[in-house]
Each structure stands twice: as structure tokens, then as C-alpha cells.
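Report on the following structure.
Read-outs throughout are calculated quantities, based only on the coordinates presented, and are distinct from any laboratory measurement. Worth saying up front: this structure is predicted, and the values here are computed from it rather than measured. With ideal geometry, Cβ positions are generated from the backbone for all residues, glycine too; neighbour counts draw on all protein chains shown.
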Amino acid sequence: MKILTILCENKEQAAKNLSLGCDEVILVLKDGCFSALSGCTVEEITAIAKENSKRTAVLMNRLFGQEEIEQAQKTLCELLPQVDAVLFADPALLQQAKLIHMEHKMIYRPETLLTSAKDGAWWMAQGLQSVQISPLLTKEEILEIAANVPHAGLQIHGRLLMSVSKRKLLDAYASYHAGTSLHEKDGLYLREDSREGRMPVYENAYGTMIYTDYVQESFAYVPEFLAAGLERFEIDTYTLKDEEIRDAITMYRALLDGRTITDIYAQAHADLPLSSGYYGQKTIK
Amino acid sequence: MKKPELLAPAGDLHRAKTAIRYGADAVYLGGQFFSLRSRASNFTLEDIQEACAFAKAHGAHIHVTVNIIPHEEDFTGLEEYLKKLEEFGVTAIIAASPYIMETARRVAPKLQIHCSTQMSVTNAQAIHFLKDTLDIDRAVLGRECTMAQVKEITNESPVETEAFIHGGMCVNYSGRCTLSNRMTLRDANRGGCAQSCRWSYHVYEQDKEIAGEPLFTMGSRDLCAAEYMYPLMEAGVSSLKIEGRMKTEYYVACIVSAYRHLIDEIAETGKPLSAERMAVHQKEILRGENRETCTGFYSGDAGEGTLIYHANSNADVNHDFLGTVKKVNDNGTCVIETRNVFATQEKLEFLTPGKENRNFVLETMVNDKTRETIAEIRNPMTLVEIAVPFEVQENDILRRYR
């Protein structure tokens, strides 16, 4: 199985992305995610899933506080029968899914923590549908995991979420300068004092999220990933324009279907700071 | 009131012994492999063995961090390493990788498994999952937990809980931050964190820079939970943890000693301390702390007051540590190995394990090698003989009185 999947904020986006060639949409759950994308309610997700002839998944990757977890588990129980998968980071959600025997719909997506086949295999042994590999790995490391952990996934395109703080860092800074609030404000970027790259930053009720200054792309790598056994290929749409999303879907679809692509994404979208990230560059200790 | 474990950091064997001497019930340290903080002077196997022997002789315990988020090649030698730790008498490993925890349970069953804060545990249900699947013995709570959450989680947890009480704080969820990876290629989850969160950043709205000096930073004040010690103890938290495997011997001695006295006093009285007593303890704690402090999330939202937008203002700490006692003579003098500048007629004080601090005015000083009388010490690691009007012991710390 191969699944081209994409994060979506609403019904219109979901329909459009499916029509362009995605196999699955991942709907961002309002109040349940670490994502700068705006989310859908449970009712909206349920309605979209009913109409969707392809797969519907839900992003619910927040770490929940003690007073929130009961409600989060209730929400999970409402969602699981309606959708094909829930992507989670908080083990408490898997604990709940096991209680209702729906762990086979759970996908472990902890951003950075899945960095080896051994840990991937452990999570899969819990009965999960899939695990998402950390984007901090080299091509060889990803291939190793893909070959040894069935059904694994990877974010192949879009900005990578670099950090999440529970603190309202932007609001604190604005307050320090007695400036206007920066809370829930779109279009904000950080630039490290001695570097050029601009990193999208967004703050909401659940904290502050910083994304990479580059847009991950994987066009040259997808055929190898696919051959190694990688199953889920995810696109994050945050900060991407419609045509950038459209072309990404079209080209990855072609690659996953075994076709050769002749168009060059980087030429069509010369303004995008594209990068193959860590595929060719191993981090050091 | 039951006393929780006071858990102290150590970057090398000397600091491990210092922590235990000054009252730590347990010390956590990292080996040369499988541990974060790769730039700490990590322990060889022989060091770990010696630390275990020293701890056992003093009724203390050793916990070893095996908390790397491992890549494939990082597992080499894991089983042998875990077996060695068990053989040496290590009490627990602190781990974040399920495979490492599972392997420990299989090959070294006497080792307790403590789930690292890298897993960002913020609710009791997550602990139930980790207990059911990995049979963990303890969960280290995420530093994002409020006091109310710590209390409720501990109440509902199927295993012991451990909470941070002092030291540096990751501003982002631990284990999920890749700022260092991006800025320096140093992997924060494999011990290479460059602390890029503490750097300066310009903020733009589209193309227009907003705010300005001081630039945006995520640099957090250090945690100091002294005023939350009673609630933490009342909540039944089993272990109270001090951060700082990269910190100095002086930091370890000061902070451990101060929290030892604080915990003991609360346990003895069974009540929250008066404002006056708390102020005494807080003053002691801050003598060892070179960053400004805050109470983190214990008091609720960690807002503007928990961040540092300006230059460090507590540099005194770096000048306070004057030396350690290397030898005690019969004639009321002792030999100090110096670390900082000081002079006769200054008021100094000794930090002695298990005792109240004692101060005195330094009257005379003799170079231990040349026997020359001197008025001022300018070079570190000089051996000087000083007269002390009370009894001191080897390894006591001499510092400036404030």
C-alpha cells in the first residue's frame, strides 16, 4: 500500500487535495494539535469523513495536561469509529484506543522521537496502524527503518515543525516591549541574528510553534523510499500557496505511481526555500 | 511527613561525591555512551563503579541516564552496558527509548526503569500506558506540569513520580526541539544541544521587522521551586530532581546543601515554612545559581517573567567559590586549593556537609609550598594554609560571605 496524504484545515481544502491525487486527508483537529494550521471540530471532521470516498485521518498530536486528558480521550472515542486513522503523540491516547480495541487506527507521530527501526518495531508491536519516522534522519537511516518497520510514514514535503513550547513566547516578548499582542497572528517569522533563513512562528492557546526556514522536498528520494517499503508520504501545507500544493501533489502522485516526472518543482517555485533537509547530512552528537 | 528523594546531577566522579557528601539521596550521571549531555565530562565504567561504591557506603543511590533518542548505530554495546550497570549496583536507568527500556528489563532486571522527561509525560494516563507496556518504575514529569497537575498525576499514577525542582529549563517540550539540529547540526536528542533557544532572533511580520532591541529570545530563567517544596512533598512526589550535569562542583554543593536543609526542615515540622525561614533557604539556594530564577509552570502559565531578555545579572556566583579544603592540620589551620581571588581581612564562610554555614574573617594566609606569608591570592589552584577558628573537614568548600 502507498498513501499520499496531506494536512488540511477544512472541507474545501480536503476535497480539492483529494481531487488532485491524494489518497488521504489529515484533518487538523481544533484544540487537539500542535500545528499552525487552523483546525476542524469533531462534527466537521465526522461530516467530511462521511462524504469522503478516500481515507480520512485526524491529526491529534498535542501533549495533554492532566485536566484535559479525559476530554481528549472522549474526543478520540468519538472520532475513531468515524475515521481511518488518528495521528497522535501522547501515549495516553493509545491507552484509550486500546481500551476500545481501536489501536489499529492509531498512528504514532511524535515528530522527533522515532529514529530507529528498533523503536519503530516496538511501537508497531502495540498494534498500531503506522508510525511516522523522524524527519531528522539521513536517507540511509530512513531506508533502514522503512525496510524493517512495516507501514511506516514520513513527512516528505512542507515546513517541518522545529519546536513547540507551552509558553506564549511571542506574547511574552510583545508584553516586554509593551507592543501589540502577537498571539494567533499569521505571517510572523523569526530570523536568528547571524543567519538569513526566516522561520515561520505561530502562537496559539497551546503554545508557540516554530517551523523550519526551509520547505522540505523529497522528489529525488521518494522512489527509493517507496521501494524500501515506506507506506505513508505526508505533505504539510503550512505557509504553502495553492499552486505550490497542487504541483507537489501532482508530482508526488506521479512518482508514487511509478511515472517519471519531467517538470522541475524548484524551477516552477523558485521563491520557495526548498531543501532536502537531513537526507544527505547527518546530525552530530 | 515522608521525605522524598533528593536527586542531584553529577558531571564527573568528583561532583558525584560532592553531591552525596552535601546530602543528595541519589545522584544521576551519564556514561560515555547512550546519554544526553555529551559535552559533560561523562563517566567511564570504572567511574560508575566507583560512584556506586561511594554511594552505597553513604546510603545513597546512583541513577544512570541512558536517555539518548537512539539512531540505529547508537544501540551498539547496549546489552553489555546495561548488564554492567546492574552488576555495579546502579539503582535505576533513566531512559526515553522504548527499545532501551525493554532491553533493560530483559537483560538487567534488577535495574529500575525511570521514564525520562524526554518523553514529556504530562498526564497519569500516559504513565499507565508506560507501566502497562514497559513496566516502568518511575515517571519523570514534564517541566510543563503545573503544581495542580503534579498533584493530580502523582495521586493517579501507578508508579512513583519525579519532578524537577531546580536548574536549567528547556523552553520547548523536551525531546521535541530541533533548533540546535537546524542551527548547528548538533543533535539535541543525542546529547549535542547547542542551546539555540538562548540565542537572539529578529521578529518579522511579513517583511517588516517588529520590536527590536532587545531581540526576541527563548532563553528561560532557571527553575527554583523552593516555595513549592511543601506542596510537592505533600503531593507525595517520590523524587525531587536538580538539573545540571554540566554545572560546577560549587553549584552542586550549594544547591544540594540548600535543598537538603529545606527538605529536612519541612519534613521535621510537617508544615509549610514561614516566610522568614523560606527566605533564609532561598538565599542559600541562590548563592549557587548564576542565572535568574522563576517557578516555571508550577505557578500556572510561565509568561514574560520566566524569560531572560537581558544580559545575565547574577555574575557574583562565579566569583564566590574560593576553594576546597585539601588537608586539615592539627594546629587549627587547613590547606585550601584556591579557585578565585581573595585576600586577608575578607569575611569568608565554610560550606560543610550537614552543618550550618560558618563564617570568619581571614586573618593570615601562607603559601603552603614556599611558606611565604601572603595577603592576597591571585592564582587558582594554589595551595594556601589558612587559620580557621572552628573545625573543618577535607572537601569543605570555602566561599565569600554574603
* Asked: Compactness ratio of the stretch A:163-209: Cα Rg over 2.2 N^0.38 Å, N = residue count?
  -> 1.13
* Asked: lysines within cross-link reach of A:LYS11: Cα-Cα under 25 Å, excluding same-chain residues under 8 positions apart?
  -> A:LYS2, A:LYS30, A:LYS50, A:LYS54, A:LYS74, A:LYS105, A:LYS185, A:LYS241
* Residue of B:VAL341, B:VAL325, B:VAL171 that the Gaussian network model of chain B assigns the largest fluctuation, springs spanning Cα pairs under 10 Å -> B:VAL341
* Structure fact -> Counting sequence-distant residues (5 or more places) and residues on other chains, those with an amide H built under 5 Å from that of A:ILE284 are B:ARG186, B:ASP187
* If one computes the Cα centroid of the stretch B:64-131 and of the stretch B:315-375, what distance in Å separates the two points? -> 43
* **the stretch A:83-132 - Debye-derived log10 I(q)/I(0), Cα point model, q = 0.16, 0.31, 0.32, 0.33 Å⁻¹** => -0.38, -1.29, -1.35, -1.40
* Would you mind classifying the protein assembly as shown by shape? Square roots of the alpha carbon gyration tensor eigenvalues, ordered a ≥ b ≥ c; an a/c under 1.5 is rounded, otherwise it is prolate if a/b is larger than b/c and oblate if not. => prolate
* Structure fact -> Residues whose modelled amide H sits under 5 Å from the amide H of B:PHE342, counting only those 5 or more places away in sequence or on another chain, are B:ILE377
* Find out how many positive minus negative residues lie around B:ALA258, taking Lys and Arg as positive, Asp and Glu as negative, among other residues whose Cβ is under 9 Å from that of B:ALA258. => +2
* Asked: Which FRET efficiency, nearest 0.05, do B:ASN359 and B:LYS3 yield, Cβ-Cβ r, R0 25 Å?
  -> 0.30
* Which is farthest toward the positive dipole end of the protein assembly as shown among B:CYS193, B:THR373, A:GLY207, measuring Cα position about the Cα centre, with Cβ charges +1 (Lys, Arg) and -1 (Asp, Glu)? -> B:THR373
* Asked: How much mean residue ellipticity at 222 nm does chain B get from its helices, if each DSSP H run of length 4 or more adds -39500 (n - 2.57) and you divide by all residues, to the nearest 500 deg cm²/dmol?
  -> -8500 deg cm²/dmol
* Structure fact -> For B:VAL384, the net charge from surrounding residues (Cβ-Cβ under 14 Å; K, R +1; D, E -1) works out to -1
* To do: Using 0.36 nm per residue of separation minus the Cα-Cα distance, give me the extension gain between A:HIS177 and A:THR138 in nm, one decimal.
  => 9.9 nm
* To do: Mind listing the long-range amide H neighbours of B:LEU322? Cut-off is under 5 Å, sequence gap 5 or more, other chains count too, H placed in the peptide plane at 1.01 Å from N.
  => B:LEU398, B:ARG399, B:ARG400
* **chain B: C-alpha gyration tensor shape, a/c 1.5 cut-off, then a/b vs b/c** => prolate
* Mean-position separation - Cα centroids, the stretch B:132-176 and the stretch A:81-124, in angstrom -> 21
* **Helix B:98-107 vs. chain B, principal-axis angle (Cα, 0 to 90°, nearest 10)** => 80
* Structure fact -> Charge tally for neighbours of B:GLU87 with beta carbon under 15 Å away, counting Lys, Arg as +1 and Asp, Glu as -1, is -2
* To do: With θ set to phi - 60°, apply the Karplus curve 6.51 cos²θ - 1.76 cosθ + 1.60 along the stretch B:168-184 and write out the HN-Hα couplings as whole Hz, x wherever there is a Gly or Pro.
  => x, 10, 5, 6, 9, 4, 4, x, 10, 10, 10, 4, 5, 4, 6, 6, 10
* **Overall form of the stretch B:81-194 per C-alpha gyration tensor (a/c, 1.5; a/b vs b/c)** => oblate
* Measure of size requested: the Rg and Dmax of the stretch B:311-402, with Cα atoms as the atom set and Å as the unit; please supply both. => 12.7, 46
* Fewest Cβ neighbours within 10 Å first, please rank B:TYR251, B:TYR401 accordingly. => B:TYR401, B:TYR251
* Asked: Over 30 Å between Cα atoms, which of B:LYS247/B:LYS347; A:LYS282/B:LYS17; B:LYS17/B:LYS83 qualify?
  -> A:LYS282/B:LYS17
